[in-house]
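Structure record follows, encoded as structure tokens.
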Amino acid sequence: MNTCINDGRSELPIGVFDSGLGGLTVVREMRRRLPAEKIVYLGDSARVPYGTRSAATVERYSWNCTELLLEKGLKMLVVACNTASAVALPYLRDRIDIPVLGVITAGAREALSQPGVGRVGVIGTAGTVGSGAYPAEIGAIDPGVVVFQNPAPLLVPLAEEGWTDGEVPLLCAKKYLAPLVAEEIDVLLLGCTHYPLLIDPLGRALHDLGSNASVVDSATAMTADVVRALDEHALSRDAQQPGGLTCYVTDLPSSFQEMAGRFLGEPVGDVEQVDIS
Ligand code: DGL
């Protein structure tokens, strides 16, 4: 059920941030499922990657992103970055009074929705893996499921470069997945916004390593959470209205604009540079 209210809040945009381009994989799903919603996206391209930084630094960067988006007037905040969701969500929720959604719960739920799941492999940034957020979330939902993790940092620059096919990404994928396949995982959870772009080499690597594990990511499940939260808080826009997407970055808008189509699956309009540090 979609409920609209008339205090004007439902007209406000949904804010989404990521350390760079990767969060556009979440925006793509949101645009598909929620075409009437207005989305304001911030990519912190001046400070990407977050995945190699301390939790305190990621919290600070996440707060800077949140403050900028709040200036635009938001009804909801979506933290599309796995690393920021893993370490900064409670910090953000304590400080603002609109719904704040992260990708970890969605990804964990998606992994556990796979038939016969008993052993989940997670790849993500060093920050996400080190935080233990995915094992904690999966364990909270189903303590019987065993989780194995491996950081896969080189996949982020490969995705940013658009180097998503051929020998190099396949070799990297095999290197990162081999220890997980050795643990006989039945589900591989892509715990990073960038990894869905490497779905082909990751799938091929699993196949070459002799694994039948199914592959899930949080982008689709995340959108289901957004739909649910909009409904719960009566914040949905009238479905007949056109939505929209406005993008901000903290560095190099032209290169973001060039690459964004690959993540978004559609051309991105004007991109404005902002200073949030
Ligand atoms: N957006 C980050 C994530 O999903 C990946 C890139 C980074 O390290 O900042 O964890």
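The values are calculated or read from the model by the stated rules, or taken from the named source; none is laboratory data. Keep in mind that this is a model prediction, so the values were computed, not measured. All Cβ positions, even for glycine, are placed from backbone atoms using ideal geometry, and neighbour counts span all protein chains on display.
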Check your understanding: Quick one: Ile39 ticks every box in (1) of a type in the set (Val, Ile, Thr); (2) part of a helix (DSSP H, G or I); (3) away from the ligand (no atom under 14 Å from the Cβ) bar one, so which box is it?
Key -> (2)
Review point. Before we move on, is Ala213 away from the ligand (no atom under 16 Å from the Cβ) and aliphatic (A, V, I, L, M)?
Key: yes
**Study point:** Subset of region 228-277 [under 24 Å from Glu160 (Cα atoms), part of a loop (DSSP other than H, G, I, E, B), under 22 Å from the mean Cα position of the chain (by Cα) and at pLDDT 95 or above]
**Key:** Thr250, Asp251, Val274, Ile276
Exercise for review: Pick out the one residue from Arg47, Arg60, Arg31, Arg53 that is in a loop (DSSP other than H, G, I, E, B), among the basic types (Lys, Arg) and closer than 19 Å to Tyr248 by Cα.
Suggested key: Arg47
Review point. Does region 109-125 contain at least one residue that is within 12 Å of the ligand (Cβ to nearest atom), part of a loop (DSSP other than H, G, I, E, B) and under 30 Å from Glu71 (Cβ atoms)?
Key: yes
**Study point:** region 7-29, residues that are surrounded by fewer than 24 Cβ atoms within 10 Å (Cβ to Cβ) and either of a type in the set (Asp, Glu) or more than 16 Å from the ligand (Cβ to nearest atom) (or both)
**Key:** Asp7, Gly8, Arg9, Ser10, Glu11, Leu12, Pro13, Glu29
**Study point:** Number of the exception - Ile138 against (1) within 15 Å of the ligand (Cβ to nearest atom); (2) crowded, with 20+ Cβ neighbours inside 10 Å
**Key:** (1)
Practice item. Those residues that are outside any helix (DSSP H, G or I) and away from the ligand (no atom under 16 Å from the Cβ), I need them from region 65-99; list them, please. Key: Lys72, Gly73, Leu74, Lys75, Met76, Ile96, Asp97, Ile98, Pro99
Review point. Could you count how many residues in region 108-135 are under 18 Å from the mean Cα position of the chain (by Cα) and either closer than 18 Å to Leu177 by Cβ or among the hydrophobic types (A, V, I, L, M, F, W, C) (or both)?
Key: 14
Review point. In region 11-22, which residues are in contact with a helix residue (DSSP H, G or I) (Cβ under 8 Å, 6 or more places away or on another chain) and part of a loop (DSSP other than H, G, I, E, B)?
Key: Ser19, Gly20, Leu21, Gly22
Review point. Taking region 144-198 only, how many residues are within 16 Å of the ligand (Cβ to nearest atom), charged (D, E, K, R) and either closer than 18 Å to Ile104 by Cα or surrounded by fewer than 18 Cβ atoms within 10 Å (Cβ to Cβ) (or both)?
Key: 1
